[in-house]
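What follows is one structure encoded as structure tokens, with my remarks underneath.
The values are calculated or read from the model by the stated rules, or taken from the named source; none is laboratory data. Note that this is a predicted model, so its numbers are computed, not measured. Cβ coordinates were reconstructed from backbone atoms using ideal geometry, including for glycine residues, and neighbour counts include every protein chain displayed.
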Amino acid sequence: MKNYSFLVNETHLLPSDYHPQKLVQAPFTAEKILVEEVLAKQLEALIYFIDGQNEIIVTSGYRDYFEQEKLYQDSIGENGLEFTQQFVAKPKASEHQTGLAVDLGLTGVENDMIAPTFEKRLIVEKFLKEMVNFGFILRYPKEKTDKTKIAYEPWHFRYVGTPHSQIMQGKQWVLEEYHEFMSYWSGKYVQ
Ligand SMILES: [Zn+2]
């Protein structure tokens, strides 16, 4: 079984030519947004399960190294360095380069390109309650910014697959903590 729970952050960089396995058109958007096939399938199943197909939209998916670089530089110009460092991952440190991350927004509201609106609606509560059963995690929670080094992003979700998502929720761990735990145990047994 393929492992989708690998860690990508500022200390676990992707090679600049890293490319996802199989990109497909993302569901729930009229724009051309690509995501890894497994994410598309699981997101579709999840959103139909909670009956959110008329309320939830995908605003961002796969971005290659060069797009992330451009986004980062453009954001510095438009929003300043401080905002950018808080909300936009540096090239090679972005989960969007894996094709396993999506940003979600809601219909009927304005969705900012970097920070779409995904809160304060019943459908969001349903999504957050069911997502782990479909392999998704809220990647940058409010109370874990010291671990993730990224500000709270209520719109950014990462596909890690089950049971990883369920274990992480059960332990209240972000991916950094899960990864630490996994490396500890693999180090203990694989010698
Ligand atoms: Zn994102």
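Below, the figures for the structure above:
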| read-out | value |
| --- | --- |
| Among (1) of a type in the set (G, A, S); (2) within 15 Å of the ligand (Cβ to nearest atom); (3) within 21 Å of Y152 (Cα to Cα), the one test that A26 misses | (3) |
| Search result, residues across the stretch 116-138 that are surrounded by fewer than 20 Cβ atoms within 10 Å (Cβ to Cβ) and either outside any helix (DSSP H, G or I) or of a type in the set (V, I, T) (or both) | T117, E119, K120, R121, I123 |
| Number of the condition not met by P15 [criteria: (1) at pLDDT 95 or above; (2) part of a loop (DSSP other than H, G, I, E, B)] | (1) |
| Candidate set from the stretch 80-113 (those that are over 18 Å from N9 (Cβ atoms) and within 15 Å of the ligand (Cβ to nearest atom)); member that is surrounded by the fewest Cβ atoms within 10 Å (Cβ to Cβ) | M113 |
| Test: residue in the stretch 158-178 that is of a type in the set (S, T, Y), modelled with pLDDT under 95 and part of a loop (DSSP other than H, G, I, E, B) | no |
| Condition met for F127 (under 12 Å from the mean Cα position of the chain (by Cα), under 15 Å from L46 (Cβ atoms) and within 16 Å of the ligand (Cβ to nearest atom)) | no |
| Selection within the stretch 146-191 - within 16 Å of the ligand (Cβ to nearest atom) and surrounded by fewer than 18 Cβ atoms within 10 Å (Cβ to Cβ) | K149, A151, Y152 |
| Every residue from the stretch 41-79 that is within 16 Å of the ligand (Cβ to nearest atom) and of a type in the set (A, V, I, L, M) | L43, I56, I57, V58, L71 |
| Residues that are over 11 Å from the mean Cα position of the chain (by Cα) and not in a helix (DSSP H, G or I), drawn from the stretch 142-157 | K149, I150, A151, Y152 |
| Unmet requirement for E37, which otherwise passes all of (1) more than 16 Å from the ligand (Cβ to nearest atom); (2) more than 15 Å from the chain's Cα centre (by Cα); (3) without any contact (Cβ under 8 Å) to a residue 40 or more places away in the chain | (2) |
| Single condition K32 does not satisfy, out of (1) within 11 Å of the ligand (Cβ to nearest atom); (2) basic (K, R); (3) surrounded by fewer than 18 Cβ atoms within 10 Å (Cβ to Cβ) | (1) |
